[in-house]
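All remarks here apply to the structure that follows.
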Amino acid sequence: AAVGAAVGPVVGGFLVEHFWWGSVFLINIPLMAVILPLGRWLPPDSRGAYDGPWDVAGALAAAGRDEDCGLLLRQGVARPAAEVAEAVLALDGAGREGEARALLGAFVRVRTPQEAAELAGGGGDRVLPHLLAAAREVSVEREWDLIHALRVAGVPGV
C-alpha cells in the first residue's frame, strides 16, 4: 500500500502529461492481467472444516472486539427462552461449548432466574449443568436464585 501511494502520483502525472487523462485508468488493465492469475495460485487455501453459518461472535472475539461480541450476545439473549435453549443445544451439539457457555452467561446476567428456569425446562438435561455453571460464574447469589427458581418450576435434576 505504501509503494502504491508513493508511485501512483508519479506514474499518474507521467501518463496525464504524455497521454490523455483516461490513461490513468487503463493502466489497471495490464496490472490486473498479471495479478489475477497470480492471485489464483499464490494465496494458501483458507477454507475451514466448519460448514455451518458464519460465526459472527467468534469473528468479533478473534478480531479483539470483545465489546461488540458482548453486545451481540446480549441481543441474542433478548430472544424467547425456547429459542435461546435451541441455540445452546445447537452450539453444544456442534462442539462449540465456549460459545454456548458465553450465550448462557449473557442470558443469566440479563434475564431473571425464572426465565432461566424456563430455559432449563425447554432445554432438557444437556442445558441444566451449563446453566448452573454460568450462574455460578456470575455470582453465588445468582446461582442460589437460579436453583430456587428451578425448584419452584419443578425442573428435575436440581
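Quick look at the values:
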| item | result |
| --- | --- |
| R0 of 22 Å, Cβ-Cβ distance Arg136-Val158: FRET efficiency to nearest 0.05 | 0.95 |
| Mean accessible surface per residue for segment 84-158, computed with a 1.4 Å probe while every protein chain stays in place, in Å² | 52 Å² |
| Segment 85-153, accessible surface, carbon-and-sulfur percent (1.4 angstrom probe) | 52 percent |
| Point-to-point label distance, Val24-Asp125, nm (Cα→Cβ direction, 7 Å offset) | 7.1 nm |
| Sequence of Ile147, Ile29 from largest to smallest accessible area, 1.4 Å probe | Ile29, Ile147 |
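The values are calculated or read from the model by the stated rules, or taken from the named source; none is laboratory data. This is a predicted model, so every value here is computed, not measured. Note that we place each Cβ from the backbone using ideal geometry, even for glycine, and neighbour counts take in every protein chain shown. Heads up: the accessible areas ignore ligands, DNA and RNA and are worked out on the full protein's heavy atoms, side chains in. Shrake-Rupley method; radii C 1.70, N 1.55, O 1.52, S 1.80 Å.
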